[in-house]
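A quick write-up on the structure given underneath.
The values are calculated or read from the model by the stated rules, or taken from the named source; none is laboratory data. What you see is a predicted model, and the numbers here were worked out from it, not measured in a lab. Cβ placement follows ideal geometry from the backbone for every residue including glycine, while neighbour counts extend to all protein chains displayed. We work out accessible area using only protein heavy atoms, side chains counted, and drop any ligands, DNA or RNA first. Shrake-Rupley method; radii C 1.70, N 1.55, O 1.52, S 1.80 Å.
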Amino acid sequence: MPFAAPAPSRALQLLWQHLAPIRHPHFLECGPVSQSTLDVLLLRGARLYVADLITPARQNTAAFWTRRGKTAVFLADDFLAQIPAIPPESISAICCWGLLDLLPREALPVLVERFYSLLQPGGVLFCILREPYLAAGAEARWWFETLTVVGSSAGKQKPFPYPAVTNREMERLFPDGNVKTFLTRSGRREVLGIK
């Protein structure tokens, strides 16, 4: 049987359509950076900021938690301090991949608000959300194969720590609710939030 090439992502097609007028888009990459992602973005002329938020979220790093009585509290501000100094409204696109599936619900409004503040008008937040029926796969990794194809590693073993973010929740999280969701055949949703 011949190898089938990965299908182009409709979300990425829209992202690049949206950024077409920008000669050198500024990107914030929120995962462990792959060489393929670097190659794709640099060939497109992008300026790249990197803040690997996914690795500490996946590892549930103790430095970002404290106890208040018997309750564990996620230190969202400490977590976000990993983002490099970036002027407000200067980023064209943020790739946060599957980050929202790895963080506690109470951290999501603070995180998305911070991302929103970094996006320039017309900027785009790109993320991947799992479908609610997927209980495991928290170790999956994502990257750009091409401008319109997302590559991923198989992640089927480690359970997700929190319930899946719904489309409605994503619309409420993103200011102005300008969110477009694209379903895929692999149990994930590709989401664009446009400022």
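It is to be established whether one or more residues within region 9-21 are at pLDDT below 95, of a type outside the set (Asp, Glu), open to solvent by 50 Å² or more (accessible area, probe 1.4 Å) and more than 21 Å from Gly193 (Cα to Cα). Checking region 9-21: not a single residue is at pLDDT below 95, of a type outside the set (Asp, Glu), open to solvent by 50 Å² or more (accessible area, probe 1.4 Å) and more than 21 Å from Gly193 (Cα to Cα).
Return yes when Leu80 is in contact with a helix residue (DSSP H, G or I) (Cβ under 9 Å, 6 or more places away or on another chain) and in contact (Cβ under 8 Å) with a residue 40 or more places away in the chain and no when it is not. Can you show your working first?
Values: in contact with a helix residue (DSSP H, G or I) (Cβ under 9 Å, 6 or more places away or on another chain): yes; in contact (Cβ under 8 Å) with a residue 40 or more places away in the chain: no.
Criteria not met by Leu80.
Just one residue in the set Leu111, Leu134 is modelled with pLDDT of 95 or more and either surrounded by 13 or more Cβ atoms within 10 Å (Cβ to Cβ) or over 28 Å from Thr66 (Cβ atoms) (or both); that residue is Leu111.
Cβ-Cβ distances below 6 Å connect the following pairs, each with a first residue in region 14-35 that is in a helix (DSSP H, G or I), a second residue that is open to solvent by 50 Å² or more (accessible area, probe 1.4 Å), and a separation of six or more residues or different chains: Trp16/Leu147.
The requirement of being open to solvent by less than 50 Å² (accessible area, probe 1.4 Å), over 25 Å from Ala138 (Cβ atoms) and either of a type outside the set (Ser, Thr, Tyr) or over 12 Å from the mean Cα position of the chain (by Cα) (or both) is not satisfied by Trp97. With respect to the conditions (1) open to solvent by 50 Å² or more (accessible area, probe 1.4 Å); (2) over 19 Å from the mean Cα position of the chain (by Cα), Gly45 falls short on a single one, namely (1).
Can you give me the ranges of the strands (runs of 3 or more DSSP E) entirely in region 112-157 with at least 1 residues that are on the phi > 0 side of the Ramachandran plot and touching a residue at least 12 places away in the same chain (Cβ under 8 Å)? First the steps, then the outcome.
On the way: elements: 119-130, 142-144, 150-152.
Correct list: 119-130.
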